[in-house]
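The values are calculated or read from the model by the stated rules, or taken from the named source; none is laboratory data. Computed from a prediction, not measured in an experiment: that's the story for all the values here. Backbone-built Cβ (ideal geometry, glycine too); neighbour counts: all protein chains shown. Surface areas here come from the heavy atoms of the whole protein model, side chains and all, with no ligands, DNA or RNA. Shrake-Rupley method; radii C 1.70, N 1.55, O 1.52, S 1.80 Å.
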Amino acid sequence: MTLTASTNVMKKLSSKNIVSPQGFKAAGLHCGLKHKKKDLAILVSDVPASVAGVFTTNAVQAAPLKVTKEVVYTTKKLQAMIVNSGNANACTGKQGVKDAQTMQALTAEKLGIAANLVGVCSTGVIGEIMNMDPVASGISQLQPKDCLESAIDFAQAIMTTDTVMKNTSYSTIIDGKEIIIAGVAKGSGMIEPNMATMLGFITTDANIESHVLQAALSDITNLTFNAITVDGDTSTNDTVVVMANGVAGNDSLTSAHPDWHNFYYTLKTVAQDLAKMIAKDGEGATKLIEVEVEGAISDDEARKIAKTVVGSPLVKTAVFGCDANWGRIIAAVGYSGATVDPDKITIQIGGATMVENGEPIAFSEDELIQILKMHEVKIHVSLGIGEGKGHAWGCDLTYDYVQINASYRS
């Protein structure tokens, strides 16, 4: 689904935080799972919210996912998310499930709501049993508020190897009313969606039923979170959840609503912002790489090629080294598994053509080095065999990535 919204309808907000929509509160603090940094967070809606979620495709799934999926797919309403970093609570057996359920129950008790309205997310080291004493104590101390400081605390508390917080927020118009969609995410390694090693939380005060929201999120995920890669690893804890509490008071949204395109496009933009921030903050990364493919036989094939190119270790290291080695790009196109005609492939880096209709084109090495030194590098591939288009985002592969992951548990 490709929809657009006019720039005078959707506006990017200067206050980019998860509590920008009406009726949401957040908090974050240090409870003791990490040595010093914040490691426990809560996100709360004033009222039960419609909910949608997408989760890792890894066959090994962390205990919190099982709890949250039950809420999303069975209760179909969500009022609070409790999130910890520092421990993934993954591959922890029956005790892990019990601990996730305990986090759910303690949060519900604190807020005075039903346990099946609480989702749980965890991120951090896999295979270690959660130390529940600091978690229980931390939950009792959380004080959710609807202010910027509390939103920042939340964003910091969900981070692991992230170097920056990832927040975004937009407003749009539905039924003449301003509605806001905001997002926060964490993730910088094990980023190979379907989806990424990531947690993403999106809030909106729009009125929309859960099944409609789920259809929109599933569609948008394929264009955003599933179009990023850092290192080819799929995590056990990947989760994106959208909460829509309806406080804005618009008529319930469906694809037949006259302002549906405003909502869909704004939600897609929030998701895309978060996805690109995650790709740009890949562990040890110095550059964001965007691959744009056109002329494929379908949009799906174009996205497949884009994802293959941006995920190629050889392409990623070439970008890191400022080496205009287009042979690595065309090789990745060829082994992507998509339909291609080698005699029709055109490749550009930063607007400079290197291959045209399968033939090498003379280019300035000095010009390409300057292009590749930029913090954002765009690779364009034209296949010339159809109308399909697609994007993918990733980052370069650096010495620091190896260092970070070689010492992650130490």
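Report in % the part of the accessible area of the chain that belongs to carbon and sulfur, leaving out ligands and nucleic acids; probe 1.4 Å.
On the way: 8200 of 16310 Å².
With neighbouring chains kept in place, the figure for the chain is 50 percent.
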Legend entry - Most positive-pole-ward Cα, 395, 302, 319, against dipole of the chain from beta carbon charges: 395
Inset, instruction - Quickly work out the residue 215-to-residue 364 label distance, labels modelled 7 Å from Cα along the C-beta direction, and quote it in nm with one decimal. - result: 5.2
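Output the pairs from 37/287; 37/166; 276/378; 12/177; 166/389; 166/280 with a Cα-Cα distance over 21 Å in this structure; if there are none, say none.
Values: 37/287 26 Å; 37/166 17 Å; 276/378 13 Å; 12/177 16 Å; 166/389 27 Å; 166/280 10 Å.
Checking Cα-Cα distances, 37/287; 166/389 exceed 21 Å.
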Legend entry - Cα-centre dipole for the stretch 251-410 with unit charges at Cβ (Lys and Arg positive, Asp and Glu negative), debye to 20: 500
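Report the calculated FRET efficiency for residue 297 and residue 335 (r = Cβ-Cβ distance, R0 = 22 Å), to the nearest 0.05.
Numbers: r = 17 Å, r/R0 = 0.77.
Efficiency, rounded to the nearest 0.05: 0.85.
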Inset, instruction - Please tell me the relative contact order of the stretch 19-169 in percent, rounded to the nearest whole number, where contacts are Cα pairs under 8 Å and at least six residues apart. - result: 35
Legend entry - Paramagnetic label zone (point 7 Å from Cα along Cα-to-C-beta, residue 102; backbone N under 13 Å) in the stretch 116-143: 129-139
Legend entry - Potential extension, residue 69-residue 286 segment - 0.36 nm per residue separation minus Cα distance: 74.6 nm
Inset, instruction - Please list the non-local residues whose amide H lies under 5 Å from the amide H of residue 49, H modeled 1.01 Å from N, same-chain partners needing a gap of 5 or more. - result: 78, 79
Inset, instruction - Convert each backbone phi in the stretch 111-119 into a coupling constant with the Karplus relation 6.51 cos²θ - 1.76 cosθ + 1.60 (shift: θ = phi - 60°), then list the ³J(HN,Hα) values in order as whole Hz, x for Gly and Pro. - result: 8, x, 10, 5, 4, 7, 9, 10, x
Inset, instruction - Would you indicate which of (i) 19.3; (ii) 20.6; (iii) 24.9 is the value of mean projected area of the Cα convex hull in nm² derived from the coordinates of this structure? - result: (i)
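I'd like to check one number: the per residue accessible area of the chain, probe 1.4 Å, reported in Å² as a whole number. Please list the in-between numbers first.
Values: 16310 Å² over 410 residues.
Dividing the accessible area of the chain by its residue count gives 40 Å².
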Inset, instruction - With r as the distance between the Cβ atoms of residue 35 and residue 374 and R0 = 30 Å, compute the FRET efficiency 1/(1 + (r/R0)^6) and round to 0.05. - result: 0.25
Inset, instruction - Can you find, among 383, 243, 100, the residue farthest towards the positive end of the dipole of the chain? Put +1 on the C-beta of Lys and Arg, -1 on that of Asp and Glu. - result: 100
Legend entry - For the stretch 56-197, with +1 on Lys and Arg beta carbons and -1 on Asp and Glu, the positive-most of 165, 74, 176 along the dipole: 74
Legend entry - Backbone HN-Hα couplings from phi across the stretch 316-331 [Karplus 6.51/-1.76/1.60, Hz, Gly and Pro as x]: 5, 6, 5, 5, 4, x, 6, 9, 7, 8, 5, x, 5, 5, 5, 5
Legend entry - 5 angstrom amide H check on residue 355, placed H, neighbours 5+ away: 347, 361
Inset, instruction - Quick one: what are the phi-derived ³J(HN,Hα) couplings along the stretch 82-87, Karplus 6.51/-1.76/1.60 with θ = phi - 60°, whole Hz, x for glycine and proline? - result: 10, 9, 10, 10, x, 7
